[in-house]
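Some notes on the structure that comes next.
The values are calculated or read from the model by the stated rules, or taken from the named source; none is laboratory data. As the structure is a prediction and not an experimental result, all values here were calculated from the model. Here the Cβ positions follow ideal geometry from the backbone for every residue, glycine too, while neighbour counts run over all protein chains shown.
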Amino acid sequence: MKFRACMKSLSAVAGLLLTGCTTQLVYMNDIYLVNTCGVPLEVQSQHSTNWLPPTEPRVVAPGERVSVASYRSYGEDIDEQVSCRYSLTVKGPQRTRLVSADEMRQALLDIKRERNGLQRSWTLKEGVFCP
C-alpha cells in the first residue's frame, strides 16, 4: 500500500515538473525607426511581422517614431527573426531608399536592446536610413 501511495505522489510531482518545463515564454520583439532626417518620410515595410496583418505606407513627421517590424518569438534575438524577404521603403521629398533584410540586420547589431517584461525593442535613429 505504501508503494502505491509513493508512486502516486511521484507521478504527481513528475507531472508538475513536466508541465513547468514545457511552458515557453513568448517575447514581443519590435523594431522602431525615429525620423531624424528633418523632413516628412513615407515609410512602408514588407514581410515585417509574423503575427500582424500587412501594414500600409505611413507618413512619419520629423522626430516621430514608427514601428517598422514586430515579431512574436520564443527567443530574444531579433536578427534571426527578420525575414530574408523583409524590406523597408523610406521615401523622402526627393529620393527613396530601399532597405534590405541584410541591411536591417546589420543596423540592429549596433542598437541597444530595451527590455520591459516580455517586450523587447530596438530603436533606429540618427538618420541611419535617411533617403
(Q) Please go through region 58-67 and give me each residue that is surrounded by 16 or more Cβ atoms within 10 Å (Cβ to Cβ) and of a type outside the set (A, V, I, L, M, F, W, C), ordered by number. (A) S67
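Just to verify a result, which residue in region 26-51, among those that are among the small types (G, A, S) and either surrounded by 14 or more Cβ atoms within 10 Å (Cβ to Cβ) or within 17 Å of the chain's Cα centre (by Cα) (or both), is farthest from G75 (Cα to Cα)? Break it down stepwise before answering.
Keep residues of region 26-51 that are among the small types (G, A, S), which gives 38, 45, 48.
Imposing the further condition that a residue be either surrounded by 14 or more Cβ atoms within 10 Å (Cβ to Cβ) or within 17 Å of the chain's Cα centre (by Cα) (or both) reduces the set to 45, 48.
Numbers: S45: 22, S48: 17 Å.
Step by step, filter region 26-51, then rank; the result is S45.
Examine region 97-115 for a residue that is outside any helix (DSSP H, G or I), aliphatic (A, V, I, L, M) and at pLDDT 95 or above, and state whether such a residue exists.
So in region 97-115, the residues outside any helix (DSSP H, G or I) come out as 97-100, 109-115.
Still in the running and aliphatic (A, V, I, L, M): 98-99, 109, 111.
Checking the rest, the ones that are also at pLDDT 95 or above come to 98-99.
Within region 97-115, one or more residues are outside any helix (DSSP H, G or I), aliphatic (A, V, I, L, M) and at pLDDT 95 or above.
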Q. Across region 106-122, what is the total count of residues that are surrounded by 15 or more Cβ atoms within 10 Å (Cβ to Cβ) and either in contact with a Gly (Cβ under 8 Å, 6 or more places away or on another chain) or touching a residue at least 60 places away in the same chain (Cβ under 8 Å) (or both)?
A. 4
Q) How many of the residues in region 38-51 are more than 16 Å from L124 (Cβ to Cβ) and either β-branched (V, I, T) or not in a loop (DSSP other than H, G, I, E, B) (or both)? A) 4
Q. Do we find a residue being surrounded by fewer than 16 Cβ atoms within 10 Å (Cβ to Cβ) and without any contact (Cβ under 8 Å) to a residue 12 or more places away in the chain anywhere in region 91-105?
A. yes
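Only one of S70, S87, S83 is under 13 Å from the mean Cα position of the chain (by Cα) and either free of Cβ contacts under 8 Å to residues at least 12 places away in the same chain or buried (at least 16 other Cβ atoms within 10 Å of the Cβ) (or both); which? Steps first, answer last, please.
Working: S87 fails: under 13 Å from the mean Cα position of the chain (by Cα); S83 fails: either free of Cβ contacts under 8 Å to residues at least 12 places away in the same chain or buried (at least 16 other Cβ atoms within 10 Å of the Cβ) (or both).
Answer to the check: S70.
Among the residues of region 80-95, is there at least one that is assigned to a strand (DSSP E or B), of a type in the set (D, E, K, R) and more than 13 Å from N35 (Cα to Cα)? If you could, list the steps in order and put the result at the bottom.
Residues of region 80-95 that are assigned to a strand (DSSP E or B), as a first pass: 87-91.
If we keep only those that are of a type in the set (D, E, K, R) as well, we get 91.
Those still in the list that are more than 13 Å from N35 (Cα to Cα) too: none.
No, the conditions are met nowhere in region 80-95.
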Q: Give the residue that is nearest to R113 (Cα to Cα), with candidates limited to residues of region 52-71 that are among the small types (G, A, S) and assigned to a loop (DSSP other than H, G, I, E, B).
A: G63
Q: Taking the options G63, G92, name whichever one is in contact with a Cys (Cβ under 7 Å, 6 or more places away or on another chain), among the small types (G, A, S) and at pLDDT 95 or above.
A: G92
